[in-house]
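Below: one structure, written as structure tokens.
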Amino acid sequence: MNEQTFSLQSFSSSESFPHLKITGNISRNVNQLTISYNLGGDLKEIAIAPTSNAPSRKHKLWEDTCFEFFLGIKNSARYWEFNLSPAGHWNVYRFDGYRQGMQEETAFEKLPFSVQNQTDALVLALDVDLDQIVSANQAIEISITTVIKHKDGEVTYWALTHRSEEADFHLRDSFIVKL
């Protein structure tokens, strides 16, 4: 099993929310991918949707606070975008190439994950079987990202690395976690 810890950086150079920190762990054991995010700090200024009693697949989760990761197969243009809302809603999209051919990935009928909302931290953890989209012997590359929406409407974009003059999570050279 290959496990890595991570710490995300905000794209914005503004220090309007200096007390936030996003860290976590990611690992792959055969073809089980486990990822956990820890959003820590002063969360009272963050718009965090309450937990839904009926979490479901939803579109445009990135318009609000949303934990994301992008997964590609090494040496292939194809990649997937996973969106996880603190409310429990989710979606997975498949792309044929950079922002091309976006469609819902129907291989996943549900994407169960846990959310723990604490006073000074929000912890989200997902354990997903990748067999439906990649084989266990294929090397994968991942970009770990988060969108944070503040109660005043400001949105900040967090990632392991920012490789463009604008926040762009789809850039393949930002898929820097190799598993």
*Filter the GluC sites (Glu not before Pro) in region 1-86 down to the DSSP loop ones having no more than 13 other Cβ atoms within 10 Å, then list what survives.*
Glu15
*Accessible area expressed per residue, the chain, with surrounding protein chains retained (probe 1.4 Å, Å²)*: 50 Å²
_Stretchable slack from Ser56 to Arg172, in nm (0.36 nm times residue separation minus alpha-carbon distance)_ = 38.9 nm
*Contour excess over end-to-end distance, with Cα ends at Glu45 and Asp127 and 0.36 nm allotted per residue*: 26.6 nm
*Size descriptor, Kirkwood hydrodynamic radius, that averages inverse alpha-carbon separations across region 85-128, Å*: 12.4 Å
_Sites matching chymotrypsin sites (Phe, Trp or Tyr not before Pro) across region 88-155 that sit in DSSP coil, with at most 13 neighbouring C-beta atoms within 10 Å_ = Tyr98
_Point-to-point label distance, Asn29-Thr161, nm (Cα→Cβ direction, 7 Å offset)_ = 2.9 nm
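For the chain, what is Rg from Cα atoms divided by 2.2 N^0.38 Å, rounded to two decimals? Write down the numbers at each step before the final one.
Numbers: Rg = 15.4 Å, N = 179, 2.2 N^0.38 = 15.8 Å.
After normalising by residue count via 2.2 N^0.38 Å, the value is 0.97.
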*Lys151 label point, 7 Å along Cα→Cβ, cut-off 20 Å on backbone N: hits in region 32-50?*
39-50
_Hz values of 3J(HN,Hα) by residue in region 137-148 - Karplus curve (6.51, -1.76, 1.60), Gly and Pro given as x_ = 8, 8, 6, 10, 10, 10, 10, 9, 9, 8, 10, 10
*Carbon and sulfur %, accessible surface of region 64-153 computed with the full protein complex present, 1.4 Å*: 41 percent
*Quote to one decimal, in nm, the extra length available between Lys110 and Asn2 on full extension: 0.36 nm per residue of separation minus the C-alpha distance between them.*
36.4 nm
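The values are calculated or read from the model by the stated rules, or taken from the named source; none is laboratory data. On a predicted model such as this, the values are computed, not experimentally measured, just so you know. Here the Cβ is made from the backbone with ideal geometry for all residues, glycine too, and neighbour counts use every protein chain on show. The accessibility values were calculated without ligands, DNA or RNA, using every heavy atom of the protein model including side chains. Shrake-Rupley method; radii C 1.70, N 1.55, O 1.52, S 1.80 Å.
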